[in-house]
Amino acid sequence: MVGEVAGTRIVATPMTTRAISAAGIGNLLEWYDWSVYVVLARQIGAVFFPSGNPLKETLSAFLFYGVGFLMRPVGAIVIGHLGDKYGRKNALIFTVMAMALGTFMIGCLPGYVQMGSVGPVLLVAARLLQGFSAGGEWGGSTSFIAEYAPEGKRGFMTSFQQVTTVGGLLIGTVFGFVLTLVMTDAELVSWGWRVPFLAGILLAFVGVYLRSKVDETPKYSEIEEKRAVAQTPFMEMLSAYPKETATAFCFTLLWTVGFYIVLTYMPTFMVQQLKLPASQSLLAASLGQLLMAILIPFAGALSDRIGRRPLLIFACAVFVIGIIPAFKFIVAVPQFWAVLVNQLFWAIPLACYSGAGPAAIAEIFPTKVRYVALSTGYGTAVAIFGGFANWFANTLIEATGDPISPSYYVIAAAIASLITMIAIKETYDKPLR
C-alpha cells in the first residue's frame, strides 16, 4: 500500500501530494461558494427578498445564507461518525458531491418574482444541504492531510488546507470582480449572479475524481489493522474527550469570526459604509486574500520549527489590539489605498493562525475520533459565530449607527481564543496519536 507506516512515523510518498490535492478541492469548493454568495449578496437579496431597500435586501440574503450553517453540527456528527468508523475517503467523496449539488441548486432557483415565497424556501433547502456537507468537510480534509503528513512537516502540509480555503475565497471574489466590470447591475440581478454558482459544478467533478484516486490515510489504516477503530466515535468523543472538543470550539472562534469579518464581509462593508465602487472593494479584498494564501505555507513551516502556540498567540493578540484602530482608520479614510493597506495588514495575523492552526487542532485528538471531534468542535463554532458573522455585522451597524461596531464582535472572539491558546499544551514536537 502506498503511504507506509513506520511505528507512528508516516513516511512521505508521492501519494502525500495527491492527498493534499484531494483533501483541498472540497474545501476550495465550499469557500468558493461562500465567496461568490457574499460578493453578490446585494443582487441575490434583490432577487429573493425585493423590498426597495438595498441594505435590508442584503441583510435578508445574509440571514438566509447563515441558516445553512445551522446544519453544520448535524453534518459534523453524522459525516464525522462515518468518517471515523468507515474511513475518511468515502466520507470526503460524499461531502464534495453534496456541496456541489447545493451550489448548483442555488444557481438554478427561481426568484421571488417568478415563484413568490417558494424561491426563498428553496434557497434555504439548498443552503441546508450545503451546510450538512460542509459540516463534514473541514474536519475530514484536515484529518486526511494531517494523517498523511510526515513528522516534522505536519504544520507545513496541513497549512495547504487553509491555502485552498483562501484560494476558494480568492477565486470567488475575482469571479465577482470580473462580473462587476463586464456587466451592469441590472444584468447581474437579472441573470449574471447565477453564473458563478453554475460554474461551481466543474470543481465538483475535479473533486470527486481526485478523491476517488487516493488511498485511505496511513494512520487510519494502522488503527484498522490493529482493530482499534471506534465503534461509536461520537459517543466516545463525548465520554473520553469533552475537554478537547471544547478546546477545538474555542480554538475556532477567532479563526471563523476574524476570517469571515475581515475577508468575506469587508467587500460589502466597503460598498455600503465607505461608498467605494464594488470593483475597488473586490480588488482590495482579492489582493489581501492573495497575500494571505502566499504567507500561509510559510507560517505552517515556521510552526514546525518554533511551535504552534507562538504564532497562534501572536495572531490573537494582534486582533485584540488592532481591530478597532483598523476599522477607525478605513472609516476616517474611505479611499482605495487605505482599504488595500488594511486588507494586506490583516493577511499577516490571519496567515499565522491559518498556517499553524490545522496541525495544532488535529494534534489534540487521537485518530479514532479525530474526524468527528474536529468536525464537531469546529463546525459548531462556525455555525454559531461564523455563519451569521456578516448578518451580525450588518445588524450591529444598523442598531448602533456605528460603522466600527463589528470590531467589538471580533475582539470578543479574539479574547476567547487567546485564553485558549495560552492554556493549551504545545504539540508540534509530538507524534500524531
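Flag not set for residue 318, criterion: of a type in the set (Val, Ile, Thr) and more than 25 Å from residue 160 (Cβ to Cβ). Checked against (1) at pLDDT below 90; (2) buried (at least 21 other Cβ atoms within 10 Å of the Cβ); (3) basic (Lys, Arg), residue 370 passes all but condition (1). Taken over the stretch 339-355, the criterion of being free of Cβ contacts under 8 Å to residues at least 24 places away in the same chain and either under 25 Å from residue 156 (Cβ atoms) or in contact with a Gly (Cβ under 6 Å, 6 or more places away or on another chain) (or both) is satisfied by 345 alone.
Let's see how each residue does on (1) surrounded by fewer than 16 Cβ atoms within 10 Å (Cβ to Cβ); (2) out of contact with any helix residue (DSSP H, G or I) (no Cβ under 9 Å at 6 or more places or on another chain); (3) among the β-branched types (Val, Ile, Thr); (4) assigned to a helix (DSSP H, G or I):
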residue	(1), (2), (3), (4)
161	no, no, no, yes
168	no, no, no, yes
171	no, no, yes, yes
177	no, no, no, yes
181	yes, no, no, yes
198	yes, no, no, yes
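Of all residues in the stretch 261-269, none are surrounded by 18 or more Cβ atoms within 10 Å (Cβ to Cβ) and free of Cβ contacts under 8 Å to residues at least 60 places away in the same chain. Among the conditions (1) under 17 Å from the mean Cα position of the chain (by Cα); (2) modelled with pLDDT of 85 or more, the only one that residue 104 does not satisfy is (1).
There is no residue in the stretch 383-394 that is assigned to a helix (DSSP H, G or I), at pLDDT 90 or above and of a type in the set (Gly, Ala, Ser). Just one of the numbered conditions (1) surrounded by fewer than 21 Cβ atoms within 10 Å (Cβ to Cβ); (2) part of a helix (DSSP H, G or I); (3) out of contact with any Gly (no Cβ under 6 Å at 6 or more places or on another chain) is not true of residue 84: (1).
Does at least one position in the stretch 328-346 carry a residue that is within 27 Å of residue 151 (Cβ to Cβ) and buried (at least 24 other Cβ atoms within 10 Å of the Cβ)? No: zero hits. Between 321, 306, 330, the distinction of being at pLDDT 90 or above, within 26 Å of the chain's Cα centre (by Cα) and within 30 Å of residue 275 (Cα to Cα) belongs to 321 only. The set of residues in the stretch 285-314 being over 30 Å from residue 150 (Cβ atoms), surrounded by fewer than 24 Cβ atoms within 10 Å (Cβ to Cβ) and of a type in the set (A, V, I, L, M) consists of 287 alone.
Tally up the residues in the stretch 400-432 that are outside any helix (DSSP H, G or I) and exposed (fewer than 15 other Cβ atoms within 10 Å of the Cβ), please.
The qualifying residues number 7.
Of the residues making up the stretch 210-234, those that are part of a helix (DSSP H, G or I) and over 17 Å from residue 164 (Cα atoms) are 212, 218, 219, 220, 221, 222, 223, 224, 225, 233, 234.
Against the list (1) under 23 Å from residue 388 (Cα atoms); (2) under 23 Å from the mean Cα position of the chain (by Cα), the condition residue 300 fails is (1).
The values are calculated or read from the model by the stated rules, or taken from the named source; none is laboratory data. It should be emphasised that the depicted structure is a prediction, and the values quoted were computed from it without experimental measurement. Cβ sites come from the backbone with ideal geometry, for glycine too, and all protein chains shown count toward neighbours.
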